[in-house]
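First comes the structure, then the notes that go with it.
What follows draws every value from the coordinates through simple rules; no lab data is involved. It should be emphasised that the depicted structure is a prediction, and the values quoted were computed from it without experimental measurement. As a convention, Cβ positions derive from the backbone with ideal geometry for all residues, glycine included, and neighbour counts pool all protein chains shown.
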Ligand code: AP5
């Protein structure tokens, strides 16, 4: 199965993609995570990515298409993948069609996660994670059971994303509305787009997603 999750920053794409990995036996392909790995490598491209991503701006389309194409060629994508954060522009959506066709693959589902802006800002500005194992936490919804200690690995090292500062969250939201939402009609016209309500609790959003992906829906 090949699917795309589209939604504004903080809609829950990453959280739900991880849950769908287990349900459908596919891998999450997060372009944000790919870029954060690139930034950590401190390569020339990584330094360029650091400037753009941490300010909440988009990376150039050609860079993103090449990154995704390479990632799809990895053996773990052979049984299917969930694109989380890609495509983000019309140019990327058109390039994805070309590269899937060239690889003999086809897109099965596109799920839009809809959500109210105020909820997004709260979700993102309160988010932090363990710097060792990546376990996610939130100031309001999910604190570590023992203050300052990761529940999963016991580390004391917690990090917050630079692009989760409120001004950058608003920049990212601006890009979502200008560049990414215009993709939706492209997929709607092909009859593969479904929308779900991302403002519900985590399990409810997962339930809606499974329902949208079930045969005959
Ligand atoms: P990326 O990492 O993709 O960021 P994003 O799209 O802004 O998405 P987020 O990861 O912030 O949010 P999410 O929707 O995954 O929500 P999450 O599940 O984490 O990209 C980062 C940057 O990289 C971009 O800004 C851009 O610069 C660059 N980039 C990436 N792809 C690109 C591309 N294709 N082209 C160009 N540039 C690109 O949830 C958020 C929080 O809410 C968590 O704390 C979570 O626990 C909580 N939460 C989630 N769901 C619920 C719920 N139902 N109830 C309560 N809490 C919830």
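Before moving on, here are some points about what is shown:
- Across segment 1-125, Cα pairs under 8 Å and at least six residues apart give a relative contact order of 48 percent.
- Under conditions of 4 °C and 1.567 mPa s, segment 24-136 yields 82 µm² s⁻¹ as its translational diffusion coefficient, taking Rh as the Kirkwood radius over Cα pairs in the Stokes-Einstein equation.
- Compared with the alpha-carbon gap, the fully stretched path from residue 141 to residue 98 is longer by 11.4 nm at 0.36 nm per residue.
- Shape analysis of segment 107-153 based on the Cα gyration tensor places the equivalent ellipsoid semi-axes at 27, 16, 8 Å, largest first.
- With Cα atoms defining each centre, segment 20-36 and segment 38-76 are spaced 15 Å apart in the structure.
- For the chain, averaging the sequence separation of C-alpha pairs within contact (under 8 Å, six or more residues apart) and dividing by the residue count gives a relative contact order of 29 percent.
- You can think of it this way: the chain between residue 133 and residue 199 has 21.1 nm of extra reach, that is 0.36 nm per residue less the Cα-Cα gap.
- Each of residue 114 and residue 37 was given a label point 7 Å from its Cα along the Cα-to-Cβ line. The distance between the two points is 3.4 nm.
- Segment 99-198 - Rg (one decimal) and Dmax (whole number), Cα, Å: 17.9, 50
- Label separation (residue 159 vs residue 90): 3.6 nm, computed from points 7 Å beyond Cα along the C-beta direction.
- Directionally averaged projected area (convex hull, Cα atoms, the chain), nm²: 12.0
- As a size descriptor, the averaged projected area of the C-alpha convex hull of segment 140-201 was calculated at 6.9 nm².
- Largest GNM mean-square fluctuation across 14, 25, 148, computed for the chain with C-alpha springs under 10 Å, falls on 148.
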